[in-house]
Amino acid sequence: MTRSLPDISLNSKTHIHTPINWVGMDAIDLPLCLAQEPPHLFNTLSSQACFQVDMGAANSKGIHMSRLYQLLSQLAELQPLTPASLLTTLEQGIQGQQEAQASQARLILRFNLLLKRPALLSPGLGGWKSYPVQLHAQLSPAGFTLTAEVKVGYSSTCPCSAALARQLLAQHFNQAFAATEQCSVEQVAHWLQEHGSFATPHSQRSQATVTVTVPQDAAQFALVALIDRIEAALSTPLQTAVKRIDEQEFARLNGQNLIFVEDAVRRLQQALSGHYKAFSASARHLESLHAHDALASIEQDEASDCAALAR
């Protein structure tokens with residue numbers, strides 16, 4: 001059917017002879033299902049794909065983008081998604097662009113995981129929370145690499161602000177009881193009930209971004225396990241449905257979890273080391289005191305992880 005139709009990518013040559021690092025398509029809507037993750041949580045995920053190859057032929061007009069699109073359609077049909085199926089798709093992507101002398105391909109999948117999270121204390125109460133995820137698979141002459149990036153929201157209370165607030169509270173207490181030689185426990189408790197928020201530390205919604213290397217032979221992506229590990233390390237993940245007892249518990253956790261961005265990335269490094277060969281982690285605190293954000297990041301490669309295991 002297409003023999004009589006012109007094929008510009010094959011029959012035309014570019015006037016500017018230079019290879020291109022990456023060419024392809026982005027924002028392709030794609031339904032996905034992840035292998036061995038709890039199926040009741042996400043039977044079908046709505047994702048967007050970016051699929052690209054390099055173009056080594058300096059005089060080639062372009063690639064066959066429709067072939068990349070067809071491979072994505074096949075990937076959606078070969079459910080569930082696994083690291084192995086991503087590798088196969090990349091191999092086929094390179095093979096289908098030999099006229100352009102493609103030697104490498106990369107596929108990026110972006111989607112949100114909706115996980116149901118229980119309330120801190122209220123029995124039977126819970127709600128859904130969205131976690132942005134990005135899978136990045138790449139195949140080149142150097143080999144196959146696969147990484148998973150997740151973003152996790154949490155609350156952070158500033159240790160410096162907390163210390164300053166405690167000092168003001170102590171000063172206010174001393175002024176209130178300066179003329180009192182003795183005060184009972186009941187008097188102190190009543191005073192704290194009325195004046196304990198004389199000065200309060202600032203806290204803010206924060207975000208951790210973690211990228212880990214997924215082994216080529218892995219049967220699954222283990223995204224839920226990664227998210228759970230991150231939230232456990234940070235101690236104060238954002239909540240969904242809450243009642244007053246849950247809000248009070250969240251206030252208690254924040255008070256016992258004073259944390260700078262530096263503390264956050266160090267905790268993440270400690271939680272991830274030994275479980276992932278290579279990773280990067282960053283923490284961003286959307287300051288409620290400042291008009292700017294506080295930011296910290298940390299990275300660990302495979303050699304560093306082996307050294308940590310040896311210790």
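Derivation of every value follows stated rules applied to the coordinates shown; laboratory data play no part. Fair warning: this is a prediction, and the values are worked out from it, not measured in the lab.
Of the labelled figures (1) 187; (2) 145; (3) 132, only one reflects volume of the Cα convex hull per residue in Å³ as derived from the coordinates, namely (1).
For the stretch 194-278, relative contact order (Cα pairs under 8 Å, six or more residues apart, normalised by length) works out to 44 percent.
Helix 185-195 and the longest principal axis of the Cα set of the chain meet at an angle near 50°.
Please report the spacing between the Cα centers of the stretch 116-162 and the stretch 222-244 in Å, no decimals. Here the answer is 8 Å between Cα centres.
Estimated from helices alone, the mean residue ellipticity of the chain at 222 nm is -10500 deg cm²/dmol (sum of -39500 (n - 2.57) over DSSP H runs with n ≥ 4, per residue).
How far, in degrees from 0 to 90, does helix 159-176 lean away from the longest principal axis of the Cα atoms of the chain, to the nearest 10? Long axis of 159-176 versus the principal axis of the chain: about 10 degrees.
Compute the angle between helix 244-255 and the longest alpha-carbon principal axis of the chain, please, reported from 0 to 90 degrees and rounded to the nearest 10. Orientation of helix 244-255: about 90 degrees from the principal axis.
With the convex hull of the Cα atoms taken as the outline of the stretch 112-230, the averaged projected area works out to 12.2 nm².
With a Cα cut-off of under 27 Å and a minimum spacing of 8 residues unless on different chains, the lysine pairs in the chain number 8.
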